[in-house]
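> Below is one structure. I have some questions about it.
The values are calculated or read from the model by the stated rules, or taken from the named source; none is laboratory data. Quick caveat, the model's predicted, so the values are computed rather than measured. All Cβ positions, even for glycine, are placed from backbone atoms using ideal geometry, and neighbour counts span all protein chains on display. To get the accessible areas, we keep the full protein, side chains included, count just its heavy atoms, and leave off ligands, DNA and RNA. Shrake-Rupley method; radii C 1.70, N 1.55, O 1.52, S 1.80 Å.
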Amino acid sequence: QVQLVESGGGLVQPGGSLRLSCAASGFALDYFAIGWFRQAPGKEREGVSCISGEDGSTYYADSVKGRFTISRDNAKNTVYLQMNSLKPEDTAVYYCAAVVDDERGLATVQAMCLIQLAEYWGQGTQVTVSS
């Protein structure tokens, strides 16, 4: 059974940090591009960051560049999102998703994040940034 499980969300003060994890089961992440998406109340879901399985290319939304870092540990079948300098506007439910990597590197992750191209989705984890 294919499954993506997010963890690491919670309540943090502005300026704080969190690390989200996305653990995959039922398939090997090596052949997949993985993305983090978020949806805030009353807003549409948006792509935050995506990483290629083929060459490690990464994409970041402008709103998180320089603050968030995506990484993957294929041995642990897990992808991470390190979030630093968190702002109240980062408050959202964060989802990870996977799509078979078509080996186009940066073009793959740009497409994944911008048009939310994914085959599998996790259930989401809440991140709340508030004082």
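> Summing +1 for each Lys or Arg and -1 for each Asp or Glu, what net charge is found among the other residues whose Cβ lies under 13 Å from the Cβ of residue 63?
+1
> To continue, here is another question. On a 0 to 90 degree scale, rounded to 10, what angle separates helix 106-115 from the longest Cα axis of the chain?
The answer is roughly 50 degrees.
> Here is a further query. Counting only protein heavy atoms, what percent of the accessible surface of the chain is carbon or sulfur at a 1.4 Å probe?
47
> Charges only on Cβ, +1 for Lys and Arg, -1 for Asp and Glu: so what's the dipole of region 71-118 about the Cα centre, in debye to the nearest 20? Provide the component values of the computation, followed by the final result.
Working: 4 positive and 6 negative charges, 20 e Å.
Taking the Cα centre of region 71-118 as origin, the dipole is about 100 debye.
> Determine the calculated [θ] at 222 nm for the chain from helices alone, applying -39500 (n - 2.57) to every DSSP H run no shorter than 4 residues and normalising by the residue count; nearest 500 deg cm²/dmol.
-2000 deg cm²/dmol
> Also, I was wondering about something else. So, with +1 on the Cβ of K and R and -1 on the Cβ of D and E, and no other charges, what is the size of the charge dipole of the chain about its Cα centre, to the nearest 20 debye?
480
> Please give the contour-minus-distance gain from residue 1 to residue 46: 0.36 nm per residue of separation, less the Cα-Cα distance, rounded to one decimal in nm.
Stretched out fully, the residue 1 to residue 46 stretch lengthens by 13.6 nm.
> Run the dipole for region 50-94 about the Cα centre, Lys and Arg Cβ at +1, Asp and Glu Cβ at -1, nothing else charged, and hand back the magnitude in debye, nearest 20.
Taking the Cα centre of region 50-94 as origin, the dipole is about 140 debye.
> Among the GluC sites (Glu not before Pro) in region 84-131, which ones are in a DSSP loop with at most 12 other Cβ atoms within 10 Å of the Cβ? Mind listing them?
Passing both the DSSP loop test and the Cβ count: 119.
> Also: Keeping every protein chain present and rolling a 1.4 Å probe, give me the accessible area per residue for the chain in Å².
Working: 6350 Å² over 131 residues.
Accessible area per residue: 48 Å².
> Amide H to amide H under 5 Å from residue 10: which residues, 5+ apart in sequence or cross-chain, H placed 1.01 Å off N in plane?
127, 128
> For region 51-131, build the charge dipole from Cβ charges (+1 Lys, Arg; -1 Asp, Glu) around the Cα centre, then report which of 88, 63, 109 sits farthest towards its positive end.
It is 88, whose Cα lies furthest towards the positive end.
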